[in-house]
Structures are given as C-alpha cells and as structure tokens.
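Novice: The following block contains the structure, expressed as structure tokens.
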Amino acid sequence: MFGTSPTAASVESSAGVGAGGKTGLTALVVAILFLITAFFSPLIGAVSNVAAITAPSLIIVGSMMIKSINEIDWTHFDESFPAFLVIVAMPLTSSIANGIALGFIAYPILKMARGKFREVHPFVYMFAVLFLYQLIFLA
C-alpha cells in the first residue's frame, strides 16, 4: 500500500524480536533511525540499482538464516523444496521478498500435488495467490 514489501516488514520485525527486542522501545529506535535515513534517500535512490549495495546485506541475512537449515525436513520433497527455493532465490533475485514469495507459492502447489492440501492453512493459499499476482503483475 505504501510502496514497501510486506514480506520485508515482517522479516525485519521478526529479526528485531529474534534479537531480543520485545518491547515498543525497539520499534521506536527503528522508527527514529528510519527518519534519519529519510534525509539520505535521494543519495541512496541515485545508486540503489547497483547490486553491490544490496549484496552485503543479503549475504549477512543469508548467513544468519542458514543456521536454521538443519530444522528443514529434507526427507519430504513437499517440505524441503520450497525451503530450498527460498534459499536459492534470494541471492539469485537479489530480493528477500521475492525469495520468500517463491517459497509461499511453491509450498501449497506441492502439497496439493501430493494430495495433502488439507495440511495447508487457508491463509497460505491466499498468500500464495497474492504473491503470484505480485510477481506477475507488480514486479
């Protein structure tokens, strides 16, 4: 609605909680830092299409996320492939949001293909359709 990815917002929020920020003070500090960065927006906008700017943050996020890879059930393809797709798509698309979107799209498709469509919450189907629409029409 405001030109930002809802996936990125939820990832950032989860990162703050994961780092121990469970109070409103964390959100307040982040809001103040975002206000400060607004003054640098024209400079950042001028060079934002350069992949070298986003690559370091994606590498850092990827290295922090990779520690959870041992929790993936690699014995079931319908569970492991969407996770693998997310892991691979993030650096290849240079977008955390696109990587997560592809995982959200692949997961219900694979569950339906295996006849396990009832294991998937209806909201996941809704998010899959919304992400698919986003990738096709809004990208």
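The values are calculated or read from the model by the stated rules, or taken from the named source; none is laboratory data. Owing to the predicted nature of the structure, the values given are computational and were not obtained by experimental measurement. With ideal geometry, Cβ positions are generated from the backbone for all residues, glycine too; neighbour counts draw on all protein chains shown. Side chains included, ligands, DNA and RNA excluded: accessible areas come from the protein's heavy atoms. Shrake-Rupley method; radii C 1.70, N 1.55, O 1.52, S 1.80 Å.
Novice: Using label points projected 7 Å from each Cα along Cα→Cβ, tell me how many nm separate Ala52 and Phe84, to one decimal.
Specialist: Taking the two extended label points, one gets 3.4 nm.
Novice: A further question follows. For Ser68 and Ile136 in one chain, what is 0.36 nm times their gap in residues minus the Cα-Cα distance, to one decimal in nm?
Specialist: My answer for the length gained is 21.5 nm.
Novice: Can you give me the convex hull volume of the Cα atoms of the chain, divided per residue and expressed in Å³?
Specialist: 142 Å³
Novice: Using protein chains only and a probe of 1.4 angstrom, how many square angstrom of Glu71 are accessible, to the nearest 10?
Specialist: My reading of the accessible area for Glu71 is about 150 Å².
Novice: Mind listing the phi-derived Karplus ³J(HN,Hα) values for region 71-78, rounded to whole Hz, using 6.51, -1.76 and 1.60 with θ = phi - 60°, and x for any glycine or proline?
Specialist: My calculation for region 71-78 gives 8, 7, 7, 6, 7, 10, 4, 5 Hz in order.
Novice: In percent, how large is the relative contact order of the chain, given Cα pairs closer than 8 Å and 6 or more residues apart?
Specialist: 18 percent
Novice: At a 1.4 Å probe radius, carbon and sulfur cover how many percent of the accessible area of the chain?
Specialist: With neighbouring chains kept in place, the figure for the chain is 74 percent.
Novice: Something else: Let me cross-check His76: its accessible surface, 1.4 Å probe, with only protein heavy atoms counted, in Å² to the nearest 10?
Specialist: Probe radius 1.4 Å; accessible area of His76 about 70 Å².
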